[in-house]
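Undergrad: The structure is given below, and queries will be raised subsequently.
The values are calculated or read from the model by the stated rules, or taken from the named source; none is laboratory data. Quick caveat: nothing in here was measured; it's all calculated off a predicted structure. Cβ atoms come from the backbone with ideal geometry, glycine included; neighbour counts cover every protein chain shown. The protein model used for the area step is the full one, side chains on, heavy atoms only, and it has no ligands, DNA or RNA in it. Shrake-Rupley method; radii C 1.70, N 1.55, O 1.52, S 1.80 Å.
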Amino acid sequence: MKARRRFWNQFFEKSLTASAFISIAILLGIFILLATNGWKAFQDVGLEEFLSLERWNPSAYDTPSYGLGALLLGTALTTLGAIAIAAPLGVGMAFFLAEIAPVRLRNVLKPAVELMAAVPSVVMGFAGIVVVGPFLAQLFGLPNGLNALNGAILLAFMALPTIVSVSEDVVQAVPRTYKEASYALGANRWETLVQVTLPACYSGLLAAVMLGVGRAIGETMTVLMATGNATAVPTSFFSSVRTLTATVAIEMGEVPTGTTHYYVLFACALVLFIITLIINIVAEQIATQLRRKGQ
Amino acid sequence: MAMEEQHCLQIEKLHVYAGAKHILKGISLNLPRHQIIALIGPSGCGKTMLLRSINRMHDLDPNIRLQGSILFKGRNILDPRVDPVWIRRHIGMVFQKPNPFAKSIFENVAYGLKINGLKDKARIRAIVEESLRRSYLWEEVKDELDKSALELSGGQQQRLCLARAIAVSPEVILLDEPCSALDPISTAKVEETLLSLRQMFTILIVTHNLQQARRISDYTAFLYLGELVEYGPTAQMFEQPQQELTYNYLHGRFG
Amino acid sequence: MNLRTFWMRLGLASLVVCTLIVVAFMAALLFDLSWQGIPVLSWEFLTEFPQKGMTEGGIWPAIFGTTAVTLLATLLAAPLGVACAVWLEEYAGEGWLTQLTRAAVRNLAGVPSIVYGLFGLALFVQGMRMGASVLASACTLALLTLPAVIATTQEALRQVPRSLREGALALGATRWETTYSIVLPAALPGILTGVILALSRAAGETAPILFTGVAFYTRYLPASLFDEFMALPYHLYILATQHHEPEAVRPIAYGTAITLLLLVFLLNLGAFILRAQYHPKKRL
């Protein structure tokens, strides 16, 4: 081979390898940055206070307090609420698309739902203020609709495109022969669906929901705009809550670099990062097992 | 030196393992220059594996290990220090399914020339025409060389792949069941092409079709379960096989 | 009607109800935004600066800022992402390094956007001293979209039949020549689709630019990579929650929301058409 040809070949191949390393470096970089900055917060504040239900009041004049409890509860409330709404709706719609809907309807509805995933979170948040909030306020007779329920509903609809799309694929993948065997034994459509199709794609549906949850838990702008952002410990779905993500978004812009408050916000991000990492790994495990079973 | 002239390629005690499986078990085979050699045997006997070893196509698959040697131009092809690009430049290959690139007919044939550094446009044009003539495709496509190769019929695509392979003037051409995806008329055309190419190239063809082996090859090698059962001139092999196994295979006792 | 049939009807009807709820919610949302937003749109609205404390005028600097930052982010992310995907699909064996890279890419995709924002703040704004700027925001958005670009490029490369690679190799092409002249052109439509989708994601994101360069209001368009800028999603956030007269700016907020939504939907439509047009199985 000519020297020039060899040189360019090696040049490009080396660049490819280098670029692959960059993605590892970024993930490691994010983790190291969050960990080192977050660590300083644990040193300053202490884990006990951090996880307590004590009020989150980092900018108090005399004794600032950094209880993450209320914020974690806020995140948990909105996320769990979102799952409770999105999982049945999403799975139900997936079964409708895969088993009941005529092909032409399915070919319109599925892309339409998937397109909803493209709606920017800030637009969803805006919808929470102008559509969902007033609706909830009227329905339940509240002074305003900016509460955990509002956030949960919006997050549910942000997670739905993922859940519907993945679940529908999973349901479609159930072999026809299973269903035919069930029909041949005299079962009707609903019995076949519940007793044959559903068990066959159980773990796939779980993975779909997990992926949706992963999206909901890290969502920032929507909850920031729609949940009212009170730092008190929530008592119900009608409480105004503030999530971890919203806290970082609100306060990061205003804290001086290098203060305890600054590091505590990094610690919040670290907690978020670890939660989403765990969810992703679990979802991936389920999906891998599924593929293995498929083979 | 006499050997060197007579044999274009010498395979000696070739063993191929795929993971824990022992696929080729000590194959020794010499390819005489400017002849057509047919590799026959039931599916799964390792014919394709042998063919791909000669072109170092297994480099892409980390599961596959090779032992033994394949001598070509005084070098051992299996030696990792021998550049696979050099080997493939001199040993061409045509695959089971036609695989034209999503480029024009002309660009398909010119591809090998261009990557090998030929810049002279007139020369490229001349070689493309010559290669297409040799593969009996020229008359069918000469007015539409800029058409996408994907618009050709299956048989034409396979002859295009053959033209593409001979354009870089290799010494050996390996063909992996080149007609298995083709209709009888296309098959006849490809066979005609191969017979005429024998004057210039050494051709090793894997085929499932015993009649095809008989029609076009000078020598036939019969592989069974990873071992070379019998190898000899085609006429002799089909008339008077030396091994009972060969006889049974040729007479359709198993397949 | 016996009991079994009754349960079947009820069950199947519940699935229809689920679908109706989802569709109704989507429709209500889009209807409200369009109904109130589209009348606000006008040539002046799209091309003028905000006036009188944002209660009048247009959103031109936000449109400009979003376009500039998004394009720059894509320009940074696309080559890197495609290169990483090519390495993973065409070069990497099955070693631990490959496993690690795959895991890194997969998990990067799930990292919340606000975390990217913090990372961008610490690395680009403070660490690399870019300040809050177009460049710092673009870099942060590039990191955010990188996993998506890698994933879609990998998928596009996997659709390219192995026989094409072998065909080129058999002619004496090197691995790189095969990749560059045969595999990448065949995968190009798929890669472009992914890049457009990444563009649309970057355009709608707010959290990553929050601390890395977006401004409440600027009197001029950014003149260099180191200026602050306005962006559509942040502008909407400001108008909806941070303005002292939220009711007065509501029409402008609606206009901003519908502009952003149209922008994102158009990009997605483009990607959809591209994918439908050049489905790899149709061509090969």
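Undergrad: Over all pairs of distinct alpha carbons, what does the Kirkwood formula give as the hydrodynamic radius of the range C:115-180, in Å?
TA: 14.6
Undergrad: Right, here's the next one. To the nearest 20 debye, what charge dipole does the range A:78-245 have about its Cα centre, counting +1 at the Cβ of each Lys and Arg and -1 at the Cβ of each Asp and Glu?
TA: Dipole about the Cα centre, nearest 20: 100 debye.
Undergrad: Could you report chain B's accessible area per residue, 1.4 Å probe, as an integer in Å²?
TA: On a per-residue basis, chain B sits at 44 Å².
Undergrad: Averaged across the residues of C:8-16, what count of C-beta atoms belonging to other chains lies within 10 Å of each residue's C-beta?
TA: Rounded to a whole number, the mean comes out at 6.
Undergrad: Excluding residue B:46 itself, calculate the net charge of residues whose Cβ lies under 9 Å from the Cβ of residue B:46, where each Lys or Arg counts +1 and each Asp or Glu counts -1.
TA: Numbers: positive: B:25, B:47; negative: B:227.
Around residue B:46, the charge tally is +1.
Undergrad: Counting every Cα pair in chain C, what percent are over 31 Å apart?
TA: Of all Cα-Cα pairs in chain C, 43 percent lie more than 31 Å apart.
Undergrad: Which value, in nm² and rounded to one decimal, describes the direction-averaged projected area of the C-alpha convex hull of the protein assembly as shown? Don't jump to the answer; show the numbers that get you there.
TA: Numbers: hull surface 178.3 nm².
Directional mean of the projected Cα hull area for the protein assembly as shown stands at 44.6 nm².
Undergrad: Under DSSP H, which helices of chain C have Cα atoms covering 18 Å or more of the helix axis and a Kyte-Doolittle average no less than -0.5? Intermediate results must be reported in sequence, preceding the final value.
TA: Numbers: long enough: C:3-37 (50 Å, 1.49); C:60-86 (38 Å, 1.71); C:96-110 (21 Å, 0.15); C:134-159 (36 Å, 1.11); C:184-204 (30 Å, 1.47); C:250-277 (40 Å, 1.42).
Flagged H segments are C:3-37, C:60-86, C:96-110, C:134-159, C:184-204, C:250-277.
Undergrad: Another question about this same structure. If Lys and Arg each add +1 and Asp and Glu each add -1, what is the summed charge of the other residues whose beta carbon sits under 15 Å from the beta carbon of residue A:163?
TA: Combined, the nearby Lys, Arg, Asp and Glu give -2.
Undergrad: Over the range B:2-250, what is the percentage of antiparallel beta bridges among all DSSP beta bridges, to the nearest 5?
TA: About 60 percent, rounded to the nearest 5.
Undergrad: Please report the buried accessible area for the interface of A with C, total over both chains, probe 1.4 Å, in Å² to the nearest 100.
TA: Interface area, both chains combined: 6400 Å², rounded to the nearest 100.
Undergrad: Determine the calculated [θ] at 222 nm for the protein assembly as shown from helices alone, applying -39500 (n - 2.57) to every DSSP H run no shorter than 4 residues and normalising by the residue count; nearest 500 deg cm²/dmol.
TA: Roughly -19000 deg cm²/dmol at 222 nm, from the helical runs in the protein assembly as shown.
Undergrad: Return the equivalent ellipsoid semi-axes of the range A:78-245 as a descending list in whole Å, where each equals the square root of 5 times an eigenvalue of the C-alpha gyration tensor. Spell out each step's value before the answer.
TA: Values: eigenvalues 247, 47, 39 Å².
Sorted largest first and rounded, they come to 35, 15, 14 Å.
Undergrad: Using Cα centres only, tell me the gap between the range C:177-219 and the range A:31-90 in whole Å.
TA: So the separation of the two Cα centres works out to 32 Å.
Undergrad: Also, quick follow-up: With the full set of protein chains in place, find how many percent of the accessible area of the range B:2-250 is carbon and sulfur; take the probe as 1.4 Å.
TA: The value for the range B:2-250 is 47 percent carbon and sulfur by accessible area.
Undergrad: Related question: Please calculate how many Å² of accessible area the range C:119-183 carries per residue, with a 1.4 Å probe and no DNA, RNA or ligand atoms counted.
TA: Result: 30 Å² of accessible area for each residue.
Undergrad: Need the C-alpha centroid separation for the range A:227-291 versus the range B:1-78, integer Å.
TA: Cα centres, the range A:227-291 to the range B:1-78: 60 Å.
Undergrad: Compute the relative contact order of the range A:78-245 as a whole-number percentage, counting only Cα pairs closer than 8 Å that sit 6 or more residues apart in sequence.
TA: Here the relative contact order equals 34 percent.
Undergrad: Output the antiparallel fraction of DSSP beta bridges having both residues in the protein assembly as shown, as a percent to the nearest 5.
TA: Working: 30 of 49 bridges.
Once the DSSP bridges in the protein assembly as shown are tallied, antiparallel ones form about 60 percent.
Undergrad: Please name which of C:60, C:30, C:139 has its Cα lying farthest along the dipole of chain C towards the positive end, using unit charges on Cβ (Lys, Arg +1; Asp, Glu -1) and the Cα centre as origin.
TA: The residue sitting most towards the positive pole is C:30.
Undergrad: Another one. Distance between the C-alpha centers of the range C:104-148 and the range C:1-74? Whole Å please.
TA: That distance is 27 Å.
Undergrad: Cβ neighbours within 10 Å, averaged per peptide: list A:108-115, A:253-260, A:144-151, C:105-112 in order, most packed at the top.
TA: Numbers: A:108-115: 16.6, A:253-260: 11.4, A:144-151: 26.0, C:105-112: 21.1.
Ranked from most to least packed, the peptides come out as A:144-151, C:105-112, A:108-115, A:253-260.
Undergrad: For residue C:212, what charge total do you get from the other residues with a beta carbon under 14 Å from its beta carbon, if Lys and Arg give +1 and Asp and Glu give -1?
TA: Net of charged neighbours comes to -2.
Undergrad: log10 I(q)/I(0), Debye, Cα-only chain A, no solvent, q = 0.09, 0.12, 0.16 Å⁻¹?
TA: -0.59, -0.90, -1.23
Undergrad: Using protein heavy atoms only (no ligands, DNA or RNA), what is the total accessible area buried between B and C, 1.4 Å probe, nearest 100 Å²?
TA: What B and C bury together is about 1800 Å².
Undergrad: Related question: Mind checking the per residue accessible area of the range A:78-245 for me, 1.4 Å probe, whole number of Å²? List each step's numbers first, then the result.
TA: Numbers: 6290 Å² over 168 residues.
Roughly 37 Å² per residue, with all protein chains present.
Undergrad: Let me ask another. At a 1.4 Å probe, what is the % contribution of carbon and sulfur to the accessible area of chain C?
TA: Answer for chain C: carbon and sulfur cover 67 percent of the accessible area.
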